[in-house]
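Student: Below is one structure. I have some questions about it.
What follows is calculated from the coordinates using simple rules that are stated; it is not laboratory data. Everything quoted here is computed from the prediction, not taken from an experiment. Cβ: placed from backbone, ideal geometry, glycine included. Neighbour counts: every protein chain shown.
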Amino acid sequence: MKKIILLLLTFAVINAQQKIPKIGPRLNLKNKYTKDQDDVCIWEHPSLKLLSTFIVSDKKAQKIFVYDFQGKILQTIPAIAPGNIDIRYNISLAGSLVDVVVYNQRAKGNRIVMYTVDPNKGTLSKKRADTNKLFISDSFGSCLYKSPDGKLYSFITSKKGIIQQYELIGKGAKFDYKRVRTFNINTDKIIRSCESCVVDDEAGILYVSSKKFGIYAIDVRTGSKAKPTLIVKQFDNNLRGFEGIDIYYDSLGNGYILLSSQDNSSIGVLDRKTYKFLGKFKIMGARKTDGIAVSGTNFGGQFTRGLFVCHTDAKGKGTILVSQWAQISSAFKPVLRINTRRDPRAPVKPLQKKN
């Protein structure tokens, strides 16, 4: 009897795995210098969306790569151990509003590195920082937060489960950063290493990915009272090995949280408001996915209804795969929503706090 039950459970698992939709990528981003492109952000051109760019960090090659929407390499920048890379728009620097790309430097000083984006070409120019170190010795990942009052913050994660928030401040042609506060996801003596993170600017919630433990949410608008809450645990809905995480913004606080389940090379989808698990999908050719990014913007061409971007370590080159959001959306029952009208440069409109 036990053998029969075991066989039934095995068939059930196999059947469930077979039902995970597989989406074919439409664009591969790689070049002769790539070694492990494991994180990416998308810069949206203010008016001509087809001139948008993909900005990719490669910590093994120690470079930042900028690609156009045809997959052509536009720029290669030397970079010391770049970690997670993120972008925000209309940031006040030197009396002007600029788009900025920021990553954490994981070696030789553990610093925050900032670039401004050329508004016409989508390429990068480095900003010098007056501050030369972080108050954390093992920076692992990072993400940005633009608050409703227009201030820019960077959250730095670490292998020891410590997360620090820094305010990034423009100083003429340079910028500076100062530590604001520290969070700790280690609620007991177990060290919970954390790397990838993302901030929902509208909701004011920081999501942190701890590979072996799950996804933590921190309401960054609650000041010193902010406490990490575990919203997804390891093995929930067969999600395991948590890595990249990003947010698909829909209107009125709706949308999705997407997260990489690295151990089974799949992407989990949660409801942005309720954290309800909605399902998983896979990108064909994606293996042990790390960094991800998503946008609903109409970029024209083959990405008129948005796109999803992910890393793969297949063949050891860390290729970035770009897929159509519309294909992912239609693979779900009910279908995932599509919102092509969100303007990332619009002022942040804060949502009401979750109860």
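Student: At q = 0.12 Å⁻¹, what log₁₀ I(q)/I(0) does a Debye calculation on the Cα points of the chain give, no solvent, two decimals?
Tutor: -0.83
Student: So, one more: Relative contact order for the chain: what percent, with Cα pairs under 8 Å and sequence separation of 6 or more?
Tutor: Details: 938 pairs, mean separation 52.5, N = 355.
For the chain, the relative contact order is 15 percent.
Student: About the Cα centre of the chain, what is the dipole size in debye to 20, counting +1 per Lys and Arg Cβ and -1 per Asp and Glu Cβ, all else neutral? Working shown, then result.
Tutor: Numbers: 58 positive and 29 negative charges, 131 e Å.
So the dipole magnitude of the chain works out to roughly 620 debye.
Student: Hey, another quick one. Would you pull out the residues with amide H under 5 Å of LYS35's amide H, same chain only if 5 or more places away, H placed 1.01 Å from N?
Tutor: Hits under the 5 Å cutoff: ALA61.
Student: Further, regarding this structure: Using modelled amide H (1.01 Å from N, peptide plane; none on Pro or chain starts), what sits under 5 Å from the amide H of ILE91, excluding residues fewer than 5 places away?
Tutor: Amide H neighbours of ILE91: VAL98, ASP99, VAL100.
Student: Could you pull out every one of the lysines with an alpha carbon less than 16 Å from that of LYS282, ignoring same-chain neighbours closer than 8 positions?
Tutor: Reachable lysines: LYS19, LYS22, LYS333.
Student: FRET efficiency for ILE73 and LYS189, Cβ-Cβ distance as r, R0 = 51 Å, nearest 0.05? Mind dumping the intermediate values first?
Tutor: On the way: r = 47 Å, r/R0 = 0.91.
Efficiency, rounded to the nearest 0.05: 0.65.
Student: Within a 10 angstrom radius of the beta carbon, how do ILE87, ILE283 rank from fewest other beta carbons to most?
Tutor: In order of increasing Cβ crowding within 10 Å: ILE87, ILE283.
Student: What FRET efficiency do you get for ARG221 and ARG128 if R0 is 35 Å and r is their Cβ-Cβ distance, rounded to the nearest 0.05?
Tutor: On the way: r = 31 Å, r/R0 = 0.89.
Efficiency computed from Cβ-Cβ geometry: 0.65.
Student: Would you mind calculating the gained length between ARG287 and LEU351 on full extension (0.36 nm times residue separation, minus the Cα-Cα distance), in nm to one decimal?
Tutor: Working: separation 64, 0.36 × 64 = 23.04 nm, distance 3.56 nm.
Length gained, ARG287 through LEU351: 19.5 nm.
Student: For the stretch 39-53, in order, what is each residue's ³J(HN,Hα) by Karplus, 6.51 cos²θ - 1.76 cosθ + 1.60 with θ = phi - 60°, in whole Hz (x at glycine and Pro)?
Tutor: Those phi angles translate into 8, 7, 10, 10, 9, 9, 4, x, 9, 9, 4, 5, 8, 5, 9 Hz.
Student: Give me the angle, in degrees from 0 to 90, between the Cα long axis of helix 2-18 and the longest principal axis of the Cα atoms of the chain, rounded to the nearest 10.
Tutor: Result, in degrees: 40.
Student: I need the shape label for the stretch 177-321. Rule: rounded when a/c is under 1.5, else prolate if a/b > b/c, else oblate, with a, b, c from the alpha carbon gyration tensor. The partial results should precede the final answer.
Tutor: On the way: a/c = 1.75, a/b = 1.28, b/c = 1.37.
Oblate, since a/c reaches 1.5 and b/c is not below a/b.
Student: Also, I was wondering about something else. THR297: net charge of surrounding residues, Cβ under 11 Å, Lys/Arg +1, Asp/Glu -1, itself excluded? Can you show the working numbers first?
Tutor: Values: positive: LYS49, ARG305, ARG341, ARG342; negative: GLU44, ASP343.
Neighbourhood net charge equals +2.
Student: Which are the unpartnered cysteines of the chain, meaning those with no other cysteine Cβ under 4.7 Å from their Cβ?
Tutor: Within the chain, the cysteines lacking a partner Cβ under 4.7 Å are CYS41, CYS194, CYS310.
Student: Which net charge results for the neighbourhood of GLY285, defined as the other residues with beta-carbon distances under 10 angstrom from its beta-carbon, given Lys and Arg at +1 and Asp and Glu at -1? Write down the numbers at each step before the final one.
Tutor: Numbers: positive: LYS22, LYS282, ARG287, LYS315; negative: none.
So the environment of GLY285 carries a net charge of +4.
Student: Report the Stokes-Einstein translational diffusion coefficient (µm² s⁻¹, integer) for the stretch 286-351, Rh taken as the Kirkwood radius over Cα pairs, at 20 °C with viscosity 1.002 mPa s. Each step should come with its number before you reach the end.
Tutor: Numbers: Rh = 13.4 Å.
Roughly 160 µm²/s, to the nearest whole number.
Student: Next up: Hey, which of these cross-link pairs are over 29 Å Cα-Cα: LYS171/LYS288; LYS189/LYS315; LYS60/LYS159; LYS35/LYS160; LYS178/LYS276; LYS174/LYS317? Please report the intermediate quantities before stating the final value.
Tutor: On the way: LYS171/LYS288 40 Å; LYS189/LYS315 38 Å; LYS60/LYS159 18 Å; LYS35/LYS160 26 Å; LYS178/LYS276 36 Å; LYS174/LYS317 34 Å.
In this structure, LYS171/LYS288; LYS189/LYS315; LYS178/LYS276; LYS174/LYS317 exceed 29 Å between Cα atoms.
Student: Now, a different point. Give the separation of the Cα centroids, the stretch 34-105 to the stretch 263-329, in Å.
Tutor: 18
Student: Stretched out fully, how many nm does the piece from GLN302 to ILE20 gain, at 0.36 nm a residue minus the Cα gap?
Tutor: Details: separation 282, 0.36 × 282 = 101.52 nm, distance 2.36 nm.
So the extension gain works out to 99.2 nm.
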